[in-house]
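Written below as structure tokens is the structure these notes are about.
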């Protein structure tokens with residue numbers, strides 16, 4: 001899934017030594033208010049993640065197709081385009097199957113390259129969860145997109161924008177577990193740097209606010225080593241299951257005491273009998 005783009009700002013890195021192409025792209029990216037990073041070497045996944053990129057343009061003459069496959073496997077959320085001199089069909093197919101979103105053959109017009117980047121990001125964004133106007137209601141909680149907050153009745157949770165977006169993204173996938181990396185891309189708009197605990201910190205703050213307005217329910221559940229899931233579930237002991245009818249009756253009534261056995265009537269002696 002493509003990371004969301006804040007206010008139209010796109011971050012692109014290029015691994016290429018074509019000074020002419022880099023120069024014209026600099027001008028075009030500046031006009032679009034895009035950020036561009038030129039890399040003189042095949043940066044590893046951690047370095048690319050730290051750059052908070054939306055798209056990477058690769059020249060396999062410098063990196064090799066193995067690099068395209070490695071980045072495609074390690075960073076599936078990063079849009080990747082190959083920009084290369086004419087190459088055999090087998091190489092183009094290998095790159096596309098290895099994780100590249102598109103292959104552009106040089107010489108190419110910079111406007112076409114920009115359009116292809118936009119097309120790739122647009123296709124990736126099409127897979128994101130659409131924003132809806134209706135509240136998402138579960139348990140006591142109503143998540144309201146019109147107010148960017150969660151409510152129990154008229155009481156608001158007082159969520160920050162990031163806390164609301166985190167809650168909405170979890171609730172909108174219908175009980176599915178979202179990995180931490182996926183949550184980070186959806187909410188923060190970047191690939192998550194290894195060791196970043198932002199998701200966990202915001203989940204803790206979110207839980208505290210939800211428990212304040214809905215103490216008898218738990219909404220955000222941890223799947224250790226994976227991520228988080230949204231579902232309204234009663235807190236331990238908060239909502240007891242109804243007892244069977246026989247059990248509730250015996251608990252509320254006095255215990256039944258068996259009636260004493262009736263004694264047999266004494267024999268009646270008739271007059272004249274001995």
Condition first: in a strand (DSSP E or B), in contact with a helix residue (DSSP H, G or I) (Cβ under 9 Å, 6 or more places away or on another chain), surrounded by fewer than 19 Cβ atoms within 10 Å (Cβ to Cβ) and not assigned by TED's automatic domain parsing to the domain that holds residue 49. Can you find one or more residues in the stretch 188-200 that meet it? no
Looking at residue 31 and the list (1) in a helix (DSSP H, G or I); (2) within 30 Å of residue 180 (Cα to Cα), which single condition is not satisfied? (2)
Of everything in the stretch 1-47 that's under 15 Å from residue 60 (Cα atoms) and loosely packed, with under 12 Cβ neighbours inside 10 Å, which residue is modelled with the lowest pLDDT? 40
Picking from 191, 210, the residue that is closer than 30 Å to residue 24 by Cα and either in contact (Cβ under 8 Å) with a residue 24 or more places away in the chain or out of contact with any strand residue (DSSP E or B) (no Cβ under 6 Å at 6 or more places or on another chain) (or both) would be 191
Output for the stretch 119-134, where each listed residue is surrounded by 15 or more Cβ atoms within 10 Å (Cβ to Cβ) and at pLDDT 80 or above: 120, 121
Wholly within the stretch 49-145, helices (runs of 4 or more DSSP H) carrying at least 3 residues that are touching a strand residue (DSSP E or B) at 6+ places or on another chain (Cβ under 9 Å) and closer than 19 Å to residue 186 by Cα: 110-125
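The values are calculated or read from the model by the stated rules, or taken from the named source; none is laboratory data. Note that the structure is predicted; figures quoted are calculated from it, not measured. Because the Cβ atoms are built from the backbone with ideal geometry, glycine has one as well, and the counts that use them run over all protein chains shown.
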